[in-house]
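> Structure in structure tokens, see below.
The values are calculated or read from the model by the stated rules, or taken from the named source; none is laboratory data. Treat the numbers as computed from the prediction; the structure is a model and nothing was measured. Don't worry about glycine lacking a Cβ; one is built from the backbone with ideal geometry, like all the others, and counts go over all protein chains shown. Ligands, DNA and RNA are excluded from the accessible area calculation, which covers all protein heavy atoms including side chains. Shrake-Rupley method; radii C 1.70, N 1.55, O 1.52, S 1.80 Å.
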Amino acid sequence: MLETKPDQFQQAAIETTKSTLLIAAAGSGKTFTITHKIAYLINNQKIRPEEILVISFTNKSVDDLKRKINYPVDIYTFHKLAISILKYNQVTYHIAPPDLLAYVTEEYFYQLNEEPLQKQIIKSYGLKDYPAFLESRAFRELTKIIMTFISLYKTNNKTIADLKKISKYDFLLMKLILNVMACYNSELKSTNSYDFDDLIIAATKYCANYKKYRYIIIDEFQDTSQVRWNLIAHMRAATEAKIFVVGDDYQSIFKFSGCYINIFLNFTQLVPDSQILKLKYTYRNSQELINVSCHFITQNPRQIKKELLSSKHLKKPLRFKPYFNAQRAFRRLLQKIILKYDDILILGRNNFDLKKFYPAGQLDNDTFLFQNKLIKYLTVHSAKGLEADVVILINLTDSLYGFPNKIVNNRLINELQKDEEKMLYAEERRLFYVALTRTRNEVYLLYPWQNKSPFISEIKKNLKRINMNNH
């Protein structure tokens, strides 16, 4: 963002004294607004730096905020905040190894000696014996489902009573989940250890004794999970702190890790006497790209519609590139744009997408050298918060691992995370919006002549009408 002073919508957010949800679209200057908000609180509202808490979701984003905020305020991830609360209350514990759940899950099956349960598993997967099951892909998939379920169970703040309601969908799987969960919890208890979700759950119990803050600022609020929100709610109950949260429901793309978009959408119900403000101007994308991307994302009825304006204009921000030969088309496109742009970002839906477009033997950790320029590939999830001069979006196919991705979660996992989203591929639609809005200029969309993504078909169908209606 090039602005040196806030625009009128940023200024309103900076100066408000109410608890606020600030909706900040891609490129609208949310970090700029947060830094100026903190300066305003300290210099105009006379709130001491040590009374301000800033929370972001990754170590990288915390480090970025620390570089940009010139005041000694506390800037934490949720887990670092939980550790601070537990330390303040002199709670002793260990942090569990990150691979403990995987270890316990595999050990449970390797040590399983209940013959009736072994027979149920063998019958369920149609295998000849239990050792064959342990060597099978089915075993690897089952352990993955169990670990995902246990993690989501914790981060969604569910109870055993919740599990009983959904166990009817798969009694055998639920039995295995409960058995593994019991082993995992026993291992944690025996070593006085917390995993990352346990840290937050434990810290929530001690919030009444942790009355440090008068103002709580949360970045990327659309990525909040239920246990994280419970921690903040308990902190506010103890201190009556004002809360200023910033995010964009259009960019809520981490449901698979327990993020719950309803917390964002229901903010004013969760925080009485609060308000919603919106940043209206964006400084990254052209108006033409905004028109297309916003029309695309708001086909999902559970998104908060917003009017976004840009002073940038670009006649054709979307460049459609169909191909018969993926590698040839990719190389020709790079040759075309490499002299025009220094900062090129390649995005895909899956970790392995680039191997279809560039010889795998020439890749170094998804980075490659092309005409003496280093070019990086990222998944769209990994590119959240980033921007580049130009974006190339690859592998836009209508397939299981295409975009939208069509892999269906296990029924128990879907029931555990049940929400009101009825639209097909609602989260994938948000992910595609994130991909489109990483660019400062064009987005090149590479897709096969046959079997192209339905998202491509939809955008091409509506593109002309959208731009005509916005001129």
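> Go through (1) open to solvent by 30 Å² or more (accessible area, probe 1.4 Å); (2) touching an Asp or Glu at 6+ places or on another chain (Cβ under 9 Å); (3) aliphatic (A, V, I, L, M) one by one and return the number of the condition residue 166 breaks.
Failed condition: (1).
> Quick one: count up the residues across the stretch 325-337 that are over 31 Å from the mean Cα position of the chain (by Cα) and open to solvent by less than 10 Å² (accessible area, probe 1.4 Å). Walk me through it before giving the result.
Our first condition is that a residue be over 31 Å from the mean Cα position of the chain (by Cα); within the stretch 325-337, this holds for 325, 328, 332, 335-336.
Going one step further and asking which of them are open to solvent by less than 10 Å² (accessible area, probe 1.4 Å), we end up with none.
Of the residues in that region, 0 qualify.
> Tell me the strands (runs of 3 or more DSSP E) entirely within the stretch 242-324 that contain at least 1 residues that are in contact with a helix residue (DSSP H, G or I) (Cβ under 7 Å, 6 or more places away or on another chain) and open to solvent by 10 Å² or more (accessible area, probe 1.4 Å).
Filter on the stretch 242-324 gives 274-278, 318-323.
> Same structure again: Among 274, 286, 225, which is under 19 Å from the mean Cα position of the chain (by Cα) and among the small types (Gly, Ala, Ser)?
Numbers: 274 fails: under 19 Å from the mean Cα position of the chain (by Cα); 286 fails: under 19 Å from the mean Cα position of the chain (by Cα).
None of the others qualify; the one that does is 225.
> Any residue in the stretch 444-455 that is hydroxyl-bearing (Ser, Thr, Tyr) sitting within a Cβ distance under 8 Å of a residue that is part of a strand (DSSP E or B) and surrounded by fewer than 20 Cβ atoms within 10 Å (Cβ to Cβ)? List the pairs, counting only those 6 or more apart or interchain.
Here the result reads 444/319; 444/321; 447/320; 447/321; 447/322; 447/323, each pair linking the stretch 444-455 to a residue that is part of a strand (DSSP E or B) and surrounded by fewer than 20 Cβ atoms within 10 Å (Cβ to Cβ).
Listed here are the residues, each with its yes/no results for (1) closer than 19 Å to residue 242 by Cα; (2) free of Cβ contacts under 8 Å to residues at least 40 places away in the same chain.
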{"site": "23", "(1), (2)": "yes, no"}
{"site": "40", "(1), (2)": "yes, yes"}
{"site": "59", "(1), (2)": "no, yes"}
{"site": "66", "(1), (2)": "no, yes"}
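> Would you mention how many residues in the stretch 339-373 are surrounded by fewer than 17 Cβ atoms within 10 Å (Cβ to Cβ) and of a type in the set (Asp, Glu)?
The total comes to 3.
> Now for a separate question. Pull up the stretch 1-28, narrow it to residues that are within 23 Å of the chain's Cα centre (by Cα) and open to solvent by less than 10 Å² (accessible area, probe 1.4 Å), then point me to the one that is farthest from residue 387 (Cα to Cα).
20
> Which condition number in (1) among the hydrophobic types (A, V, I, L, M, F, W, C); (2) within 15 Å of residue 82 (Cβ to Cβ); (3) in contact (Cβ under 8 Å) with a residue 40 or more places away in the chain is the one that residue 244 fails?
Status for residue 244: all satisfied but (2).
> Among the numbered criteria (1) modelled with pLDDT under 95; (2) surrounded by 13 or more Cβ atoms within 10 Å (Cβ to Cβ); (3) not aliphatic (A, V, I, L, M), which one does residue 60 miss?
(2)
> Looking at the structure I just gave you, is residue 42 within 28 Å of residue 201 (Cα to Cα) and open to solvent by less than 30 Å² (accessible area, probe 1.4 Å)?
Here the answer is no, as residue 42 does not meet what is asked.
> A further question on this structure: Residue 20 versus (1) polar (S, T, N, Q); (2) at pLDDT 95 or above; (3) not in a strand (DSSP E or B): which is the lone unmet condition?
Only one criterion in (1) polar (S, T, N, Q); (2) at pLDDT 95 or above; (3) not in a strand (DSSP E or B) is unmet by residue 20, namely (3).
> I'd like the full set of residues that are over 30 Å from residue 31 (Cα atoms) and surrounded by fewer than 17 Cβ atoms within 10 Å (Cβ to Cβ), limited to the stretch 381-412.
399, 400, 401, 405, 406, 407, 408, 409, 411
Residue-wise test of (1) charged (D, E, K, R); (2) surrounded by 13 or more Cβ atoms within 10 Å (Cβ to Cβ); (3) touching a residue at least 60 places away in the same chain (Cβ under 8 Å).
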{"position": "79", "(1), (2), (3)": "no, yes, yes"}
{"position": "88", "(1), (2), (3)": "no, yes, yes"}
{"position": "95", "(1), (2), (3)": "no, yes, yes"}
{"position": "103", "(1), (2), (3)": "no, no, no"}
{"position": "107", "(1), (2), (3)": "yes, yes, yes"}
{"position": "144", "(1), (2), (3)": "yes, yes, no"}
{"position": "152", "(1), (2), (3)": "no, yes, yes"}
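> For the list (1) in contact (Cβ under 8 Å) with a residue 60 or more places away in the chain; (2) open to solvent by less than 50 Å² (accessible area, probe 1.4 Å); (3) closer than 22 Å to residue 79 by Cβ, I need the number of the one condition that residue 173 fails.
For residue 173, the exception is condition (3).
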